[in-house]
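Visitor: Questions regarding the structure given below will be posed in turn.
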Amino acid sequence: MRKLIFLIFTGVFTSFCYAQESREYQDFDDEVEEINKKRSYFGFVGGYNHTRISKENSARQKGGFYTGVTFERFLEEKVSYQLDLIYTQRGVRLKDHGTLFNPRQNDRISMNYLALSYIGKVYLDKLYLQGGMQGALLVAATDEVNGIKTSRWGDSSPYDFGLLLGGGFQLSPNFYFDLRGYFGLVSIHNEELELREQYNYNVSFGLGFKF
């Protein structure tokens, strides 16, 4: 009899826990679906850039940040397009070329942009995939050698353009984690200088908030 009571109690408890977990998961999906029913929303994005410049052998990746505003509109329940207007830092950190006592660890090329992105998104439950394009205007460009900064504005292309590819994860109905790769298609150098073509590449990850 005790074994029977124990088995019944265990079965009821397990069923209750499973039902509670299913309900919480369903509640999350219902909240996300309710937000998506709004068809469109605004938000804020921000995060970290891991950047480099192609064909720059004596270089390392450079860190930076991006931040801005976003607008997303749903075309279908699981399909949307998104517009981002962000300030983003790009560039490259040069390898050491100095001596033991003068390693020049701060040598870098910094290029900052005001960028507009157009992205298509497909939602797969909490995950989503995304791809699109980005155009950007140069707002600052500097070379830094031994801690001394000089402008490279005249040597740089005033704009940038490239492709975006990535994905993300819905952390809650309002917050999400975003991961993107950017592949530049326009040389960073001024066309009049006739230098070899080099392009911006970067991987960015950050958080977004929508309402």
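Visitor: Once fully extended, how much extra length lies between PHE211 and LEU75, figured as 0.36 nm per residue of separation less the alpha-carbon to alpha-carbon distance?
Guide: 47.2 nm
Visitor: Between VAL139 and GLN198, what is the label-to-label distance in nm when each label sits 7 Å out along the Cα-to-Cβ direction?
Guide: Result: 2.3 nm between the two label points.
Visitor: Would you please give the residues with an amide H less than 5 Å from that of GLN198, counting only those at least 5 places away or on a separate chain, with H modeled from the backbone geometry?
Guide: The list, which skips near neighbours in sequence, is ILE188, HIS189.
Visitor: Additional query: Strictly over 25 Å apart at the Cα level, which of LYS55/LYS149; LYS121/LYS210; LYS55/LYS121; LYS62/LYS210 would you flag in this model?
Guide: LYS55/LYS121; LYS62/LYS210
Visitor: Sorted from fewest to most neighbouring beta carbons within 10 Å, what does the list ILE53, ILE188, ILE148 look like?
Guide: Ascending Cβ contact count within 10 Å gives the list ILE148, ILE53, ILE188.
Visitor: Can I ask one more? Using the Karplus curve 6.51 cos²θ - 1.76 cosθ + 1.60 with θ = phi - 60°, work out ³J(HN,Hα) for each residue of the range 126-142 in order, rounded to whole Hz, and write x for Gly and Pro.
Guide: With coefficients 6.51, -1.76 and 1.60, one gets 7, 8, 9, 10, 8, x, x, 9, 9, x, 9, 10, 6, 10, 7, 8, 9 Hz.
Visitor: Label the range 40-210 by shape, choosing from rounded, prolate and oblate, from the square roots a ≥ b ≥ c of the eigenvalues of the Cα gyration tensor; if a/c is under 1.5 it is rounded, and otherwise prolate applies when a/b is larger than b/c, oblate when it is not.
Guide: prolate
Visitor: Let me ask another. Note the full-extension length gain between PHE42 and LEU171 as 0.36 nm times their separation in residues minus their Cα-Cα distance, in nm to one decimal.
Guide: My answer for the length gained is 44.7 nm.
Visitor: Read phi for every residue in the range 199-211 and hand back ³J(HN,Hα) as whole Hz from Karplus 6.51 cos²θ - 1.76 cosθ + 1.60, θ = phi - 60°, with x for Gly and Pro.
Guide: 10, 6, 10, 7, 10, 10, 9, x, 10, x, 10, 10, 8
Bear in mind these aren't lab numbers, they're just calculated from the coordinates by the rules spelled out. What you are looking at is a predicted structure, and each value in this text was computed from that prediction instead of being measured. Don't worry about glycine lacking a Cβ; one is built from the backbone with ideal geometry, like all the others, and counts go over all protein chains shown.
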